[in-house]
Structure formats: structure tokens, C-alpha cells
Amino acid sequence: MMNGCPRWSFLTVPLLAALGCSDPVPRPPRGNLTLSIQKPTTGSGNCPVPGKTYVLGNPKGPSPASPGDRLVDGEGGADIACSVHGSGPYNFSGSIQALSTESDRVTFTLSNGVVNADKLAGTVTVAVSTPQLSGTFTSEQAGCTVNVVNQNVKPGSVYATVSCPTINNPSTAQVCTVGSITTFVLENCDGT
């Protein structure tokens, strides 16, 4: 026996499965998103879609009061990838691309995310693309605030709200904000 499991042979393979000695099958990433795009509170206010909320869920998106229903990577056209590492502070990144409840193709990308050791808050860089934005709008590096919902962050998952005072499209000079009701859940992420 090695590590509590018998040596491999053609006779023991069924036994290994029964004993739970086989390698675990990784579960695909899951996630959902409620994204609020608003016009900026200061400046020219030239956001092409002020006051629009996109919900990506199965069918419900998340809110600070409820994690909603998750989409699964590879199902129904959803493309989800993520990683959450650490034990405080936590480093995270991820992307969710899926159809909203109004059939808009939305891409939401988080990079260089950090949640402080207190599991309460942190920062992240955000990029957003929707049909109405007609391009990708990006925040400044670590220009968005993350607030973890009920300290729900651990290796492999995070549930939080995010807000960005400005996201912009450099090619059009248009500026929007990511509103404070924006909430995301990422699960089954790389956490090793």
C-alpha cells in the first residue's frame, strides 16, 4: 500500500475507485456577475450606456445579499476562468464571458486582484466589454475597490462587490464607471 491505497494492478483498479483512491476529477470553474455601468460622477459624462445593469447568472445573478445561481464554464456558451491564491492576503484574477439575461454578450475581466489579510477589502484592475460599449473599457491599474461579502474568500473562490470610479476606452476617450452594486462570484478556481 502506498499512501493508504494499494499498489496498482489490473485487479485493484475497481477496488481503488471504491476506496476513493483515484485522483479527484477537477470541477470546472463556476461564476456569475451583476454588472452596473454608470456615467461618471465627475467629468464629461460621455459614457455610451449610462445606467445599465447586466446580469449573468443561471438564472439569477449575485447581489451583496445573495450569491445567486452560478454559470458553469463550457455550458450554455459561458467561458469562465479564475484563480484565487493565498491565505491572507489573497491574490486573484478571473474572467466571465457569457450572455446576460437580455442576451448581451458580456466580458468581465479581473486582473492583479488583492484581498487584504482581514478578508474584507482590496483592489483589482477591471476590463469590461459589452455590445453597447462598442469596445473594451479598462480601469487604471488596481483602480477598483473590492469589498468581500461576509469574508467569503479562500483559495479557489471569492464572492465580492467591486466599484471603479473610472473605466475608459482609450480609442474613443469615453469614460464610464463600474457602479457599487456590481457583484461577482468565482468558484472552483485554481487555488493551489
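Coordinate-derived values only; no laboratory data. Small disclaimer: the values here were computed from a predicted structure and weren't measured. A quick note on method: Cβ atoms are made from the backbone with ideal geometry, for glycine too, and the neighbour counts reach across all protein chains shown.
Give, in nm to one decimal, the length gained when the segment between residue 102 and residue 53 is fully stretched (0.36 nm per residue of separation minus the Cα-Cα distance).
Residue separation times 0.36 nm, minus the Cα-Cα distance, leaves 16.6 nm.
Sort 181, 37 by Cβ crowding within 10 Å, fewest neighbours at the top.
Listing 181, 37 from fewest to most nearby Cβ atoms yields 181, 37.
Equivalent ellipsoid semi-axes for the range 28-187, as square roots of 5 times the alpha carbon gyration tensor eigenvalues: give them largest first, rounded to whole Å.
Taking √(5λ) for each Cα gyration eigenvalue gives 23, 19, 13 Å.
Note down the magnitude of the dipole of the chain about its Cα centre, charges +1 on Lys and Arg C-beta and -1 on Asp and Glu C-beta and zero elsewhere, to the nearest 20 debye.
That gives the chain a dipole magnitude of about 180 debye.
For the pair residue 147/residue 192, report the inter-label distance in nm, with labels modelled 7 Å from Cα in the Cβ direction.
Rounded to a tenth, the inter-label distance reads 3.6 nm.
Report the residues of the range 67-93 in range of a label on residue 114: point 7 Å along Cα→C-beta, backbone N strictly under 17 Å from it.
Those under the cut-off are 84-93.
Have a look at 159, 56, 74 and report the one farthest towards the positive end of the charge dipole of the chain, computed about the Cα centre with Cβ charges (Lys/Arg +1, Asp/Glu -1).
Towards the positive end, the residue furthest out is 159.
For the ranges 156-167, 141-152, what's the packing order if you count other beta-carbon atoms within 10 Å of each residue, average per peptide, and put the highest first?
156-167, 141-152
What nm distance separates the two modelled labels at residue 127 and residue 140, each placed 7 Å from Cα along Cα→Cβ?
Each label point is offset 7 Å from its Cα along the Cβ direction, giving 1.9 nm.
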